[in-house]
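J.: Structure incoming, see below.
The values are calculated or read from the model by the stated rules, or taken from the named source; none is laboratory data. All values derive from a computational prediction rather than experimental measurement. Counting neighbours? That spans all protein chains shown, and the Cβs are built from the backbone with ideal geometry, glycine included. All accessible areas refer to the heavy atoms of the entire protein, side chains included, with ligands and DNA or RNA removed. Shrake-Rupley method; radii C 1.70, N 1.55, O 1.52, S 1.80 Å.
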Amino acid sequence: MVVAVVQLETKANMKAADFWKVAVDTIEQAVKQQKANLVVLQELFLGPYFCQSQDPSLEADPATNPFLKRLVKMAKELQVVLPISFFERKNNAFYNSMVMIDADGTILGKYRKSHIPDGTGYQEKFYFSPGDTGFKVFHTKVGTIGVGICWDQWFPEAARAMTLQGADILLYPTAIGSEPTDSSYDSSDHWQRVMQGHAAANMVPVVAANRFGTEVLREGNKERQRILFYGRSFISDETGAIVQEAQDGSDMLVAEIHPSEVREARAYWGLFRDRRPELYGGLRTRDGEVSM
C-alpha cells in the first residue's frame, strides 16, 4: 500500500473550478510520479470551508453528483483508491460524508461523519445531521481502510471501533485551524498528538489530511472573521511516530505501508488479545455509570 496525503492551500479568489483542478492534478501526480495507490484529500476539498457562517442557500451534492462520477472514472483509469469527502443531501437530510472508490472504480460504500462540532467559525451543526452509518471499514484492493472525518479524530472510540473491524490504516480528512475568538491559540500540536495516540493504542498507521491557508468570512466588503487552516498533515506509523509531516502551503506526503507487518506487530503485543470488553460497559453511557 502506497499512500499519498494531499494538503491543498486555499488562495484568494479561488473558484470551485480551481479547487477541482488542483485536486485532480494532484491525484494524477501522486499516482504517476509517486506510484501511490491510495490518495487522501482533505475534508470538503471542493471549495473553501463554508461552515464559518450559516448560509441556508448552500446546495448539497447528492450522492449521484457528476463530480463523483468523474472521480469514479479517474480511479478506474489510474487504478487508485480514492476516499472522497463531500456535502451530501439525502432527501431532506444533510450529511458530511465520504464515499470510498476502489481502484477499479467500484463505490464500496459511504461513511457519514458521526461527531458534529459547533463553535465560532466551525458551525457544522447548522449544516449537518449526525451520521447514521456507524463506524465502518472498506475492503479495498490495497487493504482494509477505516475513515473518520475531522472531529471524529478526537474520539478514541471511533479509532478503536474501526481497528476492531480489521482496519489496516486509519484516514482522517480534516479542516482545522485557528480559533476566531482567540487567534493566539494554536491547537496543532494537540491535534496531532491525539491521533498519534490512536495509532499507538491500536497499533495502526494513521493519516491526516488537513487544508492550509487563510479563509476570510466577509459581509459585503467588510471582514467578519478569518481562520488560518494550519495544515500540518501527517502520516504516522503503528507506534504513533510521525514519519512524514507537511510543510506550510500545498504539499504531498507519500509513504509505503505494509499491512501484513503491522498486523504481525499488533498480534505480538497482544493488545487486542487482552482486551476485556465485558468491563467497558461504561463507554456506552453518558456519565460512565452502569446500572447493575
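J.: If you check 233, 291, 250, which single one turns out to be small (Gly, Ala, Ser) and touching a helix residue (DSSP H, G or I) at 6+ places or on another chain (Cβ under 9 Å)?
T.: Testing whether each residue is small (Gly, Ala, Ser) and touching a helix residue (DSSP H, G or I) at 6+ places or on another chain (Cβ under 9 Å) leaves just 250.
J.: How many residues does the range 254-285 hold that are open to solvent by less than 100 Å² (accessible area, probe 1.4 Å), out of contact with any Gly (no Cβ under 7 Å at 6 or more places or on another chain) and outside any loop (DSSP other than H, G, I, E, B)?
T.: Qualifying residue count for the region: 9.
J.: Out of all the residues in the range 1-32, which are in contact (Cβ under 8 Å) with a residue 60 or more places away in the chain, farther than 30 Å from residue 260 by Cα and not hydrophobic (A, V, I, L, M, F, W, C)?
T.: 9, 10, 11
J.: Go through the range 160-169 and report how many residues are open to solvent by 10 Å² or more (accessible area, probe 1.4 Å) and of a type in the set (Gly, Ala, Ser).
T.: 2
J.: Got at least one residue in the range 75-89 being open to solvent by 40 Å² or more (accessible area, probe 1.4 Å), on the phi < 0 side of the Ramachandran plot and not in a helix (DSSP H, G or I)?
T.: yes
J.: For the range 90-111, how many residues are touching a residue at least 24 places away in the same chain (Cβ under 8 Å), over 21 Å from residue 141 (Cα atoms) and surrounded by fewer than 22 Cβ atoms within 10 Å (Cβ to Cβ)?
T.: 3
J.: While we're on this one: How do the strands (runs of 3 or more DSSP E) wholly within the range 170-248 filter down when requiring 1 or more residues that are out of contact with any strand residue (DSSP E or B) (no Cβ under 9 Å at 6 or more places or on another chain) and open to solvent by less than 10 Å² (accessible area, probe 1.4 Å): which remain?
T.: none
J.: Residues to consider are 46, 68; find the one that is assigned to a helix (DSSP H, G or I), under 19 Å from the mean Cα position of the chain (by Cα) and within 24 Å of residue 26 (Cα to Cα).
T.: 68
J.: If you check every pair at least six apart or on different chains, which have Cβ atoms under 6 Å apart with a residue in the range 239-265 that is within 15 Å of residue 34 (Cβ to Cβ) and at pLDDT 95 or above first and a residue that is open to solvent by 70 Å² or more (accessible area, probe 1.4 Å) and not in a loop (DSSP other than H, G, I, E, B) second?
T.: Note: pairs meeting the criteria are 254/34; 255/243.
J.: Would you mention how many residues in the range 9-43 are closer than 19 Å to residue 151 by Cα and either open to solvent by 70 Å² or more (accessible area, probe 1.4 Å) or part of a loop (DSSP other than H, G, I, E, B) (or both)?
T.: 3
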